[in-house]
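As structure tokens, the structure follows; a few thoughts come after it.
What follows is calculated from the coordinates using simple rules that are stated; it is not laboratory data. Because the structure is predicted, anything quoted here is derived from the model rather than measured. Cβ sites come from the backbone with ideal geometry, for glycine too, and all protein chains shown count toward neighbours.
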Amino acid sequence: MFVQTMTPKTVKLTTLAAALCLLAAPAFANHCPIDMAAIDAALAAGTDLSEAELDQVHDWRDEGQVLHEGGDHDGSVATLAKAKEMLGIE
């Protein structure tokens, strides 16, 4: 049977990679409220969107919040990105 041992360098790199993954998760979670605030601000400032487009933006914004609160931050960011794009927010 082949048994491979990890060198100290491999252990350090693996530990660093795991730590970076753990630190990145809250960054994605915190991105959602920033996107929601940007959408809310753009809606409050007024827009030239049609009533149907505004309804779609509101739906995406609400869905993004539900996804965020449910822990699906990737889904939330993707959904909120649709609303931001329609509003012309970068």
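How large is ³J(HN,Hα), in whole Hz, for each residue of the stretch 38-55 in order, when computed from phi with the Karplus curve 6.51 cos²θ - 1.76 cosθ + 1.60 and θ = phi - 60°, using x for Gly and Pro?
Running phi through 6.51 cos²θ - 1.76 cosθ + 1.60 with θ = phi - 60° gives 5, 5, 4, 5, 5, 5, 5, 6, x, 8, 9, 5, 6, 4, 5, 5, 4, 4 Hz.
First select every other residue whose beta carbon is under 13 angstrom from the beta carbon of V77; then total the charges, Lys and Arg +1, Asp and Glu -1.
-2
Give me the net charge of E53's neighbourhood, meaning all other residues with Cβ under 14 Å from the Cβ of E53; Lys, Arg count +1, Asp, Glu -1.
-2
Pull out the extension gain between I34 and E63, defined as 0.36 nm times the separation in residues minus the alpha carbon to alpha carbon distance; nm, one decimal.
Stretched fully, the I34-E63 segment lengthens by 8.9 nm.
Across the stretch 65-77, in residue order, what do the Karplus-derived ³J(HN,Hα) couplings come to in whole Hz, using 6.51 cos²θ - 1.76 cosθ + 1.60 with θ = phi - 60° and x for Gly and Pro?
Result, rounded to whole Hz: 5, 4, 4, 4, 5, x, x, 8, 6, 5, x, 5, 4.
Cβ under 15 Å from D40's Cβ, D40 left aside: what net charge do those residues give with Lys, Arg +1 and Asp, Glu -1?
Taking every other residue near D40 into account, the sum is -2.
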